1. Can you figure out the FRET efficiency of residue 49 with residue 82, using R₀ = 30 Å and their beta-carbon distance, to the nearest 0.05?
2. So how much slack lies between residue 91 and residue 129, counting 0.36 nm per residue of separation and subtracting their Cα-Cα distance, in nm?
3. May I ask you to compute the full-extension gain from residue 111 to residue 33, defined as 0.36 nm times their residue separation minus their alpha-carbon distance, rounded to one decimal in nm?
4. Of 64, 58, how do they rank once you tally other Cβ atoms within 10 Å and put the fewest first?
5. Label-point separation (nm) for residue 24 and residue 119, each offset 7 Å from Cα along Cα-to-Cβ?
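Derivation of every value follows stated rules applied to the coordinates shown; laboratory data play no part. Only a predicted model underlies this, so the values are computations on that prediction, with no experimental measurement involved. Cβ coordinates were reconstructed from backbone atoms using ideal geometry, including for glycine residues, and neighbour counts include every protein chain displayed.
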């Protein structure tokens, strides 16, 4: 029983994919290219228990696909702005059985939903537009004042 409890407490992560989204915008400092990169990790958590013969098992693998994003923006050759975003949940699910036996299938399920991951990355980029412009304004003002 302690083996099941230890397995249930274990949480591990695996990198699944690295989506990318590019945004171009005009700024008074020049044309800006902001490259948003994401790193998808899958966290696994073993839940439930193996049942005795003849009884239904409650053993399941709960998993969550998380997206950590970063932004690198460049204006010409000299002005750049980078930012890392806190990871956000892209989606989650469960599968019956042991996590170790389901990792490949879960990885394929996450890969099949790469459109949803890219949508989340686009949402992050859209929400970052105003902070990016403000950061570029500060950098440009500091550069032209000095």
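1. Details: r = 46 Å, r/R0 = 1.54.
FRET efficiency, residue 49 to residue 82: 0.05.
2. Working: separation 38, 0.36 × 38 = 13.68 nm, distance 2.39 nm.
Length gained, residue 91 through residue 129: 11.3 nm.
3. On the way: separation 78, 0.36 × 78 = 28.08 nm, distance 2.69 nm.
Additional length available on full extension: 25.4 nm.
4. Working: 64 18, 58 11.
Least crowded to most crowded, the residues run 58, 64.
5. Taking the two extended label points, one gets 2.6 nm.
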